[in-house]
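Working notes for the structure below.
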Amino acid sequence: MSQLVVGAIVASVVATPAFGYIRITEVMSASGTSGTADWIEVTNYGNSAVSMVGMRMDDNSYSFATSVALLGVTSLAAGESAIFFENTAPAAPIAAFKSYWSGLSGVQVGYYNGSGAGVSFSAGGDAAVIFNSTGSEISLRAAFGQATTGSSFYWGYNAATGAFDASYVGVNNAGLVSSVGTIGTQVTGLSSGTPTNTGSLGTAIGVPAPGAVALVGVAGLVGSRRRR
């Protein structure tokens, strides 16, 4: 295959319309854990930025009517994760939350007013889902079991399709419990609280680097051509 043809293929693939989709990659029900609120981590599995304006979340009622607004984060870049925690106001509580979780340098942190609307995670098990401004569910429903003090639940997804990755979900897609040593680089943060809690806030599993989806496509096309 000539360099000219390869260049044309690369240009064609890179010019493919960009996409982005939001997934819930980690959740913590704070019951039994002092010093932190409930929180969710959301991640943009895709190769273009996604606007978070108008997005809302709900717990296991999966109802747009009872959902609450996700505030404080306006956009997620390709491959980026952000944290939203339960609170009623921004500035000072966000600073305290970031400090508790070792500063979260470079990680966007937003919030939602869940307690006032009855959207608070139960210690016995719950779930989370995200809606866009028109009420369509734009994430998969992330269910989880009984809270484990000091630990979160996490999920992984197929970066190409957005489906759950069976390697990183529990029974019935109910999430796996985080703990040191079981998630490799997924566990990256230690809180400053007592006890010191583990978490991986701002780091999700299997998210391709920006542009990686296009490059995978190029490699597949070129490799296929060479084998003929």
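The values are calculated or read from the model by the stated rules, or taken from the named source; none is laboratory data. Please read all numbers here as calculations on a predicted model, not as lab measurements. Here the Cβ positions follow ideal geometry from the backbone for every residue, glycine too, while neighbour counts run over all protein chains shown.
Which of the residues that make up segment 162-216 are modelled with pLDDT of 65 or more and over 16 Å from the mean Cα position of the chain (by Cα)?
166, 167, 170, 171, 172, 179, 190, 191, 192, 193, 196, 197
Of everything in segment 99-113 that's buried (at least 17 other Cβ atoms within 10 Å of the Cβ), over 26 Å from residue 47 (Cα atoms) and touching a strand residue (DSSP E or B) at 6+ places or on another chain (Cβ under 6 Å), which residue is modelled with the lowest pLDDT? It would help to see each step written out before you state the result.
As a first pass, look at segment 99-113 and keep what is buried (at least 17 other Cβ atoms within 10 Å of the Cβ): 100-101, 104, 107-112.
Within this subset, residues satisfying the condition of being over 26 Å from residue 47 (Cα atoms) are 100-101, 112.
Then keep just the ones that are touching a strand residue (DSSP E or B) at 6+ places or on another chain (Cβ under 6 Å); that gives 101, 112.
Values: 101: 83, 112: 93.
Ranking the candidates gives 101 first.
Would you check if there is a residue in segment 17-31 being modelled with pLDDT of 95 or more, in contact with a Gly (Cβ under 8 Å, 6 or more places away or on another chain) and either surrounded by fewer than 22 Cβ atoms within 10 Å (Cβ to Cβ) or not in a loop (DSSP other than H, G, I, E, B) (or both)?
yes
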